[in-house]
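Student: Quick one: this structure, given as structure tokens, is what I'll be asking you about.
The values are calculated or read from the model by the stated rules, or taken from the named source; none is laboratory data. Quantities reported herein were computed from a predicted structural model and do not represent experimental measurements. Positions of Cβ are generated from backbone atoms using ideal geometry, with glycine treated the same way; all protein chains shown enter the neighbour counts. Just the protein is used for accessible areas: all its heavy atoms, side chains included, with ligands, DNA and RNA removed. Shrake-Rupley method; radii C 1.70, N 1.55, O 1.52, S 1.80 Å.
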Amino acid sequence: MAAPKTRWRARPETSGRVTGWPARRHRLALGTLAVLVAAVVLVPLFARLDQQLVDLPSSGLAPSWAHPFGTDEVGRDVLLRSIYGLRVSLLVGLTAAVAGVLIGGLVGLAAGTAGGGVDRLLMRIVDGFNALPHLLFGIFIVALFSPSAIAVIVSVAVTHWTTAARIVRSEVLSLRGRPFVDAAISGGSSRARIVRRHFLPNLAPHLLLAAVLMIPHAIWHETALSFLGLGLPAHLASLGNMINDGQRSLLAGDWWSSLFPGLLILLPTLAISALAQHLRDRSSPRHRSESAL
Amino acid sequence: MLEATDITVTFGRHRVLDRAAVTVSPGEVVGLAGPSGCGKSTLARVLALLLRPSGGRVVLDGQPVHRWRHRAPRRTAVGLIFQQPRLAVDPRFTLLDVITEPLRANRRPLTRAHELAEELGLTPELHSRRPHEVSDGQLQRACVARALALEPRYLICDEMTTMLDASTQAHLVARIEAYRERTGAGVLAVSHDIELLERWSGGNVRELAPTLPIKEAAPATGERSSA
Ligand SMILES: Nc1ncnc2c1ncn2[C@@H]1O[C@H](COP(=O)(O)OP(=O)(O)OP(=O)(O)O)[C@@H](O)[C@H]1O
Ligand SMILES: [Mg+2]
């Protein structure tokens, strides 16, 4: 029998200690996020937004010192509304991501731990959810409610928990076969104790990564639903609503009332994605053992 | 008595154990030898009630075993020291966590963990280290302490010292011997190192013959695929 051929090659420098642009990129992402979060938290303390206020005389003003992002077709300051909109988007995105990962995590944990028929049934349900076109399904769910943040959160969580379920299940299946789980069983640990002491701590990094990866996605869904008029109530400042409103004034040449909210969707989603990538690189075993030295 | 008879284990179409048998009495050391891949670790897992065999029976102190793994109420009566300490501890646990975990799971006083750690030569500064921060020998000491924590009536040492140096090997064997003399536990020492087994068990060594692959099980064709 021929010995298996071992090929040695230099590992690409993408994992492990990262230098140059990728390292700076995650700092840039962190900085961007910090600025955005600070704005979202601090600005509302000093400048309250009256969601219903209309100021027709100053409608459609181009960006200036008084209104850095301009004003919209009914004279509202685009900067202030964008910040309030971003606040809603981040909150909805975060909550939906956490809810989705919790649902998926529980389903994946149940499937992986119980195995057998329970596993097959749960995975069949996951397949079923995945087979549905998820934007349409999401629209169907929000349509059941009146427009509200809760409806959007439910819609995004219900359409996106399956990824987390798959990740957690496969991770549990691999953990289950490890000798240290045998050792725990031999030491008298119950199933619940093994889940608590071994599975959950070892799953935590994966859950965190899944949640972080889901936030930008959830933000896009929130804006898409609001843009379609199905998400948040139309008078509320949300990025999706603003772009929806802005597209009308776009024809009149007012580019600012949709461009700036659009940028504010792009910026945090890109930053969070970069951060998620950094998290993933960092949790690779090679980096862990390197940083442990 | 821990008694296994006619143990057959198959993984898929691959038969790993074919009517294997081994018996360990309290207070006795039995050596189990055999070439690599012949199923020693598999038999050890069956004896520790961690693997349900496809055939055969295990009798623990006169009671036939019907339930395995989590469902086996008497599984803590058999302690198992695993072949590879690296894989046998949760990478997130400290060495002290490793030793206290079975005590916590069974609501026993945790002071025992410190005594065991000291007995096995784990100095206090090692207690808070994680597996990747200690040597194989130090990790295996923690694994031995863990296996002794619940005072099992039978102890299975699966290649406990194969990857360790001679002095660590002598120390660990001496610890287990002391435990056996104090509690009257039965010990099954598994190794491919017949000399060690002969010395440890006083000549009480059983050979586990390798099983032939099912298809080639017929006449004596010398080739054997287990490597
Ligand atoms: N989970 C498994 N699935 C399939 N095959 C397995 C599994 N575990 C072990 N085997 C096979 O069973 C055979 C016996 O394995 P085992 O680990 O019991 O051997 P061993 O005698 O302990 O060997 P060593 O001396 O190298 O430790 C091997 O051929 C192995 O490939
Ligand atoms: Mg083995």
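Student: Looking only at other chains, what is the average number of their beta-carbon atoms within 10 angstrom of each beta-carbon in A:174-184?
Tutor: For peptide A:174-184, the averaged partner shielding equals 6.
Student: Quick one: with all protein chains in place, what share of the accessible area of region B:2-223 is carbon or sulfur, to the nearest percent (1.4 Å probe)? Working shown, then result.
Tutor: Numbers: 5050 of 10230 Å².
Roughly 49 percent of what the probe reaches on region B:2-223 is carbon or sulfur.
Student: Over the whole of B:44-53, what's the average partner chain Cβ count within 10 Å per residue? Rounded to a whole number, please.
Tutor: 2
Student: Report, in order of residue number, the helices in chain B meeting two criteria: a C-alpha extent of 24 Å or more along the helix axis, and a mean Kyte-Doolittle hydropathy of at least -1.0; treat each whole DSSP H run as one helix.
Tutor: Passing helices, by number: B:166-183.
Student: Would you pull out the residues with amide H under 5 Å of residue B:56's amide H, same chain only if 5 or more places away, H placed 1.01 Å from N?
Tutor: B:8
Student: Pull out the extension gain between residue B:110 and residue B:54, defined as 0.36 nm times the separation in residues minus the alpha carbon to alpha carbon distance; nm, one decimal.
Tutor: Going from the current span to full extension adds 16.4 nm.
Student: Would you tally the net charge around residue B:23, using a Cβ to Cβ cut-off of less than 11 Å, leaving residue B:23 out, and scoring K and R as +1, D and E as -1?
Tutor: Details: positive: B:206; negative: B:3, B:28.
That works out to -1.
Student: Let me ask something else about it. Relative contact order for chain B: what percent, with Cα pairs under 8 Å and sequence separation of 6 or more?
Tutor: For chain B, the relative contact order is 30 percent.
Student: For peptide B:65-77, what's the mean number of Cβ atoms from other chains within 10 Å of each residue's Cβ? Each step should come with its number before you reach the end.
Tutor: Values: counts 0, 0, 0, 1, 5, 9, 2, 2, 1, 0, 4, 5, 0.
That average works out to 2.
Student: To check you understand DSSP bridge types, tell me what percent of the beta bridges within region B:2-223 (both residues inside) are antiparallel, rounded to 5.
Tutor: In region B:2-223, approximately 45 percent of DSSP beta bridges are antiparallel ones.
Student: Further question on the same structure: I'd like to check one number: the per residue accessible area of the protein assembly as shown, probe 1.4 Å, reported in Å² as a whole number.
Tutor: Computed with neighbouring chains in place, this is 50 Å² per residue.
Student: If you don't mind, another one. How much accessible area is lost when chains B and A come together, counting both sides, with a 1.4 Å probe, in Å² rounded to the nearest 100?
Tutor: Buried surface at the B/A interface: approximately 2000 Å².
Student: Work out from phi, with θ = phi - 60° and the Karplus expression 6.51 cos²θ - 1.76 cosθ + 1.60, the ³J(HN,Hα) of each residue of region A:128-133, listed in order in whole Hz, and give x for Gly and Pro.
Tutor: x, 4, 5, 6, 6, x
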